[in-house]
Each structure stands twice: as structure tokens, then as C-alpha cells.
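Engineer: A single structure is presented below for examination.
Computed from the coordinates by the stated procedures, all read-outs in this text should not be read as laboratory data. Please read these numbers as outputs of a predicted model, since none were measured by experiment. So basically every Cβ, Gly included, is an ideal-geometry build from the backbone, and we count neighbours across all protein chains shown.
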């Protein structure tokens, strides 16, 4: 956009740079949200595995379950629980990163909006000045014709 006010022209460059930063911050935030969602889905899957194995152990069946199978299932459940703890840690870290990325985006977005409003105000003031000058010249011309 072509700005007429000298300060608005300079701020226009800053606004363009800030909008690029805003776009990059939004992309980073989106990437983190996708990773967070994927990790939450993995957590859900691990919980499902644990529930399935617990159900197999505790549900009576027509065939006898050997002590070795129960022991193996319990060991596997412990491994899944360990993986689940690691998953929770990963999710907590991603949630913190998500909050940070969101805040960075919002800060950049608000900065860009403020710059845009300032430029609009400068342009309005510039246009009002031009209008006053034009009116003054028109009044002077009309006074000369009398």
C-alpha cells in the first residue's frame, strides 16, 4: 500500500516486517499444536493398551491362563506405564511450548495491529491536512474573484 504521510511510509516497512514475523509465529504455534495433538493421541493409545491388557488378565475366559502369561502381561503393562510417564512429560513440555508460542503470536499480532492503526491515523491526519489546505486555497480563490 502506498502511504502519503512520511512517517506512515517508514512505519509501513516496519508493519510489513511485523506481519511476516506474525505469520512465522502463527506457523510455529500451529506446528507445536500439531505435535501436541499427535502426542496426546499416542497417550490415548497407550492408555488403551493398558486397559486391554488389564482386561485380558482380569476377565475370566474359557481357556486357562498360565501364570507365565499373566506375569508377561504384568511386565508389559509396567513397560507401557513407564512409556506413559514419558509421554506425560513430553506432553507437559509441549503444552508449555504451545503456551509460549501462542503468547509470542498474540504479542506480534497485537503489535502489527497497533502499527496498522497508527498508520491509518497518520494517513487520516495527512488527508485532513490536505483537505484543509485545499479548502483554504478554494476560499482564497473565491475571495479573489469578488
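Engineer: Pairs of alpha-carbon atoms within less than 8 angstrom and 6+ residues apart define the contacts here; what relative contact order does the chain have, in percent?
Structural biologist: Averaging sequence separation for qualifying contacts and normalising by length gives 47 percent for the chain.
Engineer: Also: What's the whole-number percent of alpha carbon pairs in the chain lying beyond 28 angstrom?
Structural biologist: In whole percent, the share of Cα-Cα pairs in the chain beyond 28 Å is 58.
Engineer: Moving on to the next point. To the nearest 0.05, what FRET efficiency results for residue 70 and residue 37 with a Förster distance of 22 Å applied to their C-beta separation?
Structural biologist: So, using R0 = 22 Å, E works out to roughly 0.05.
Engineer: In degrees, nearest 10, range 0 to 90: what is the angle between the Cα axis of helix 6-58 and the longest Cα principal axis of the chain?
Structural biologist: That works out to roughly 10 degrees.
Engineer: Could you check which residue among 46, 133, 36 shows the biggest mean-square fluctuation in a GNM of the chain with a 10 Å Cα cutoff?
Structural biologist: Of 46, 133, 36, the most mobile in the Gaussian network model is 133.
Engineer: What's the angle, to the nearest 10 degrees (0 to 90), between helix 67-145's Cα axis and the longest principal axis of the chain?
Structural biologist: In the chain, helix 67-145 runs at an angle near 10 degrees to the longest axis.
Engineer: What value, in deg cm²/dmol to 500, does the helix sum -39500 (n - 2.57) over DSSP H runs of n ≥ 4 give at 222 nm once divided by the residues of the chain?
Structural biologist: The per-residue figure over the chain is -34500 deg cm²/dmol.
Engineer: Once both labels are modelled 7 Å past Cα along the beta-carbon direction, what's the residue 127-residue 79 spacing in nm?
Structural biologist: It is 7.0 nm.
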